[in-house]
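A quick write-up on the structure given underneath.
The values are calculated or read from the model by the stated rules, or taken from the named source; none is laboratory data. The structure presented is a predicted model; accordingly, all values stated were derived computationally and were not measured. Neighbour counts are summed over all protein chains in view; Cβ atoms, including those assigned to glycine, are modelled from backbone coordinates with ideal geometry. Side chains are part of the model used for accessible areas, which takes the heavy atoms of the whole protein and leaves out ligands, DNA and RNA. Shrake-Rupley method; radii C 1.70, N 1.55, O 1.52, S 1.80 Å.
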Amino acid sequence: MSKTLVIVESPSKAKTIGKYLGKNYSVKASVGHVKDLPVSKLGVDIKNDFEPTYEVIKGKKKVIDEIKSAAEKSDYVFLATDPDREGEAIAWHIAEEISSKSKAIKKTKKDSKIAKKLEAPVTAASDKIQRVLFHEITKKSILEAIAHPLALNQSLFDAQQARRVLDRLVGYQISPLLWEKVQRGLSAGRVQSVAVRIICEREAEIEKFVSTEYWSLEAQLEGSKAPSFVAKLMGKEGKKIELGNKEVTEQIKEEVSKTPFILKEVLKKERRRQPSPPFTTSTLQQEAARKLGYSAKKTMMLAQKLYEGVEVSEGETAGLITYMRTDSTRLSPDSLVEVREFILKNYSKDYLPEAAIVYKSKKAAQDAHEAIRPTSLQYDPALVAKSLSADEMKLYELIWKRFIACQMSPAVFDQTTFNISAGPYDFRATGSVMKFPGFIAVYLEGKDDTADEDEEKRLPNLAAPENLKLLDLLPEQHFTQPPPRFTDASLVKELEEKGIGRPSTYASILSTIVDKKYISKEQNKFRPTTLGNIVNNLLVNHFPDILNVQFTAKMEDELDDVEEGKLAWRDTIKKFYTTFDATLQKAKVQMKDIKRQEIKTDFVCEKCGRPMVVKFGRHGEFLACIGYPECKSTKEIAKAEDGAYAIQETPTTTEVCDKCASPMLVKRGRFGSFLACSKYPECKSTKAISIGVNCLQCSAPLAERKSKRGKSFYGCTAYPKCTFALWDKPVNEACPQCGSKYLLVKYSKKEGEKKVCPGKDCGYQLMAEGA
């Protein structure tokens, strides 16, 4: 009896697939890549047509040896790594390692036995090693793919090689330059550096933005029928009017207060709202960020688990969603039949369009994969909830609802507009009422599934012309707002729209720029650090092409052409490198040396009397004694609007040092502010700054800390003896319902700030004033 080896990437996927294939199959996991370019050197032979040198990744020798051993004992080897560029590269590298042991497959009776077992014909194969593509981890999909193995895809592998070599040439040649000019440990990336630039430029827009005052004027009106309603001033004598200040607004208010309000025109029309397409990688990341507050990285980690498989019932394991790295909105014919039957059964024929809705993918989309959808609607979220974590369940429900909604009828609204005159002034009131919910009965993008962002207050059933009663005039001051900082959702959308990166890279781009300390994330918004701005300015000045959005997008298009077999990958690299190398050599000479830069100042060291200079460190600019290392005196500085430096006085506290009784000073470090002895460096005592709430486990003070990724949390100062910690800030207020000793401060974009009880069964909430 023939023995077949199937190789996948993850152990959990191997476990799921193994249950489908039976005893004649051995399923092994590569646990990701097994070979890569070397860590300690460039690994690309520039003079030899950019030939890459691959090495077995540290710690993967045992995995490769196990795969080789299993391959020797097998008649067939099916490489079933992920169906994308990275998966293809893993398949090629595994094939290289085991090809010397491979035997030619001979067509024997074994073929018919396999075909019978799989209930599908086996495609005749000439080689022992074959490629198998799983787009979803279900029994039907697995058996179908196994029955129809393919050849390895050279173009797909070349596209991955081209990207890897490009990134290595940029990263391993610009990064050492940054080590020399700024500080060790920095890195540059062909795509990540462009993402940093986008964030830096947005921050510069915000800093330069000058807010402008403007006003609005609304009238509270009442007609012959309830309810009363609000109309907004739109213009004067048919022309738009600008309310630039309070004086102008008050003058108009005075005029219209003495003028009759007349309903001149009532416009009614039916409006239809179409459902959103099924999820692609980027839209899933955006929606998970908006609705669930998940980072792009977290979304992809959870989606990976849903794809690889969970136990859906006793003894049955299945992948719950299709492959999660895709930019296509295509849905398979089988899935369309299934979802239409589901809608008809669970709703009614009114919710089902006459024909399945076909969504058009973007021009550059790769249609090899479907959109992200549930693998089967028999896996209802309620049925699989016990097999999923809370976070996995929320993401699965999101995908489930979006898929069903995308094939439902549009929502229908009756929209009404009142055009009202008050002398020469024009007022308008609009309202809409849902006539038929359609897809909104299941899902609404970006909002709660039961609400429509366009639905406004219902207007009374009035007919024109009609005299209206003025109840109140409501002037309100406003100020123009700067462009918002990027969030996970908006940055992924920006990268996608500009053609930067691809679905498989968005999550890693976002996490890398934060990990490298170029970007900080505060209240889920990205802003550049001092280090990020400095590095970005250097790279933009000296590598304008590498940091150019259009250039980077064009490179992505060329990589797609390589994947489609239209371009030779070495030609793409050669064309890029000719210009890049010339720019690199020039930058080595001309780039500003930030690390050794010392800006002279008029400040004098308090300890030794020598001049102090401005230097750059990991937390930005600071003052240091020119006598370093003999004198290690430093001070924090701030920069005024005119560019002049000023000493930023370190705030003192009432705390004294536990070791020497000297006053303690507030200092800023890698993980936030802390208290340090004023006698430093003679005394190096430090302690955390208490937030005024004591630990519930040991009564020691709680302090705000920063995680390695820069996220704030509140932990016990007795750590590591006590590990009590909270993500939300506690306050010394007892819960009036259950008596909990403290409340937690939570913030959401929708509700603003509120205080909630930490008790699981309490549910007490107190909204902040004005929220």
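So, in the stretch 581-599, exactly how many residues are under 16 Å from Leu547 (Cα atoms) and surrounded by 14 or more Cβ atoms within 10 Å (Cβ to Cβ)?
Qualifying residue count for the region: 4.
Quick one: in the stretch 547-574, of everything that is of a type in the set (A, V, I, L, M, F, W, C) and in contact with an Asp or Glu (Cβ under 6 Å, 6 or more places away or on another chain), which residue is farthest from Ile534 (Cα to Cα)? Write out each step before concluding.
Of the stretch 547-574, the ones of a type in the set (A, V, I, L, M, F, W, C) are 547, 549, 551, 553, 555, 559, 562, 567-569, 573.
Narrowing further to those that are in contact with an Asp or Glu (Cβ under 6 Å, 6 or more places away or on another chain): 551, 562, 567, 569.
Values: Phe551: 22, Val562: 35, Leu567: 37, Trp569: 33 Å.
Looking at residues that are of a type in the set (A, V, I, L, M, F, W, C) and in contact with an Asp or Glu (Cβ under 6 Å, 6 or more places away or on another chain), I get Leu567.
Which one of these does Ala429 not meet: (1) open to solvent by 50 Å² or more (accessible area, probe 1.4 Å); (2) at pLDDT 95 or above?
In the conditions (1) open to solvent by 50 Å² or more (accessible area, probe 1.4 Å); (2) at pLDDT 95 or above, Ala429 misses (1) alone.
Out of Lys746, Lys684, Lys706, I need the residue that is open to solvent by 90 Å² or more (accessible area, probe 1.4 Å), out of contact with any His (no Cβ under 8 Å at 6 or more places or on another chain) and not aromatic (Phe, Trp, Tyr). Which one?
Details: Lys746 fails: open to solvent by 90 Å² or more (accessible area, probe 1.4 Å); Lys706 fails: open to solvent by 90 Å² or more (accessible area, probe 1.4 Å).
After applying the criteria, what remains is Lys684.
For the stretch 294-331, which residues satisfy the criterion of being more than 30 Å from Phe413 (Cα to Cα) and either under 10 Å from the mean Cα position of the chain (by Cα) or among the basic types (Lys, Arg) (or both)?
Hits for the stretch 294-331 are Tyr294, Ser295, Ala296, Lys297, Lys298, Thr299, Met300, Lys305, Arg325.
Just the residues that are in a strand (DSSP E or B), over 28 Å from Lys525 (Cβ atoms) and out of contact with any Phe, Trp or Tyr (no Cβ under 8 Å at 6 or more places or on another chain), please, taken from the stretch 690-736.
So in the stretch 690-736, the residues in a strand (DSSP E or B) come out as 690-694, 701-706, 712-716, 725-726, 729-731.
Applying the additional criterion that residues be over 28 Å from Lys525 (Cβ atoms) yields 694, 701, 716.
Within the stretch 690-736, Asn694, Pro701 qualify.
Table: residues versus (1) in a loop (DSSP other than H, G, I, E, B); (2) surrounded by fewer than 16 Cβ atoms within 10 Å (Cβ to Cβ).
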position: Lys401; (1), (2): no, no
position: Gln407; (1), (2): yes, no
position: Ile420; (1), (2): no, no
position: Lys435; (1), (2): no, yes
position: Gly446; (1), (2): yes, yes
position: Leu470; (1), (2): no, no
position: Ile509; (1), (2): no, no
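Going residue by residue through the stretch 577-596, is there one that turns out to be acidic (Asp, Glu), closer than 25 Å to Ile534 by Cα and within 30 Å of the chain's Cα centre (by Cα)?
If we filter the stretch 577-596 for residues that are acidic (Asp, Glu), which is where we start, we get 581, 593.
With the extra rule that they be closer than 25 Å to Ile534 by Cα, the set shrinks to 581, 593.
From what's left, within 30 Å of the chain's Cα centre (by Cα): none.
There is no residue in the stretch 577-596 that is acidic (Asp, Glu), closer than 25 Å to Ile534 by Cα and within 30 Å of the chain's Cα centre (by Cα).
If I go through the stretch 76-116 residue by residue, how many of them are open to solvent by less than 40 Å² (accessible area, probe 1.4 Å) and at pLDDT below 50?
Counting residues in the stretch 76-116 that are open to solvent by less than 40 Å² (accessible area, probe 1.4 Å) and at pLDDT below 50 gives 4.
Give the residues of the stretch 600-613 that are in a loop (DSSP other than H, G, I, E, B) and either surrounded by 14 or more Cβ atoms within 10 Å (Cβ to Cβ) or among the aromatic types (Phe, Trp, Tyr) (or both), sorted by residue number. Explain how you work it out, then say what you get.
Narrowing the stretch 600-613 to residues in a loop (DSSP other than H, G, I, E, B): 605-610.
Hits for the stretch 600-613 are Cys605, Arg610.
Looking only at the stretch 41-71, which residues are within 20 Å of Arg164 (Cβ to Cβ), small (Gly, Ala, Ser) and open to solvent by less than 60 Å² (accessible area, probe 1.4 Å)?
Hit for the stretch 41-71 is Gly43, nothing else.
Answer yes or no: is there a residue in the stretch 525-541 that is of a type outside the set (Ser, Thr, Tyr), closer than 29 Å to Leu178 by Cα, in a strand (DSSP E or B) and open to solvent by 40 Å² or more (accessible area, probe 1.4 Å).
Of the stretch 525-541, the ones of a type outside the set (Ser, Thr, Tyr) are 525-528, 531-541.
Remaining after also requiring closer than 29 Å to Leu178 by Cα: 525-528, 531-541.
From what's left, in a strand (DSSP E or B): 525-528.
This time we only want the ones that are open to solvent by 40 Å² or more (accessible area, probe 1.4 Å), so: 525, 527.
For the stretch 525-541, residues of a type outside the set (Ser, Thr, Tyr), closer than 29 Å to Leu178 by Cα, in a strand (DSSP E or B) and open to solvent by 40 Å² or more (accessible area, probe 1.4 Å): present.
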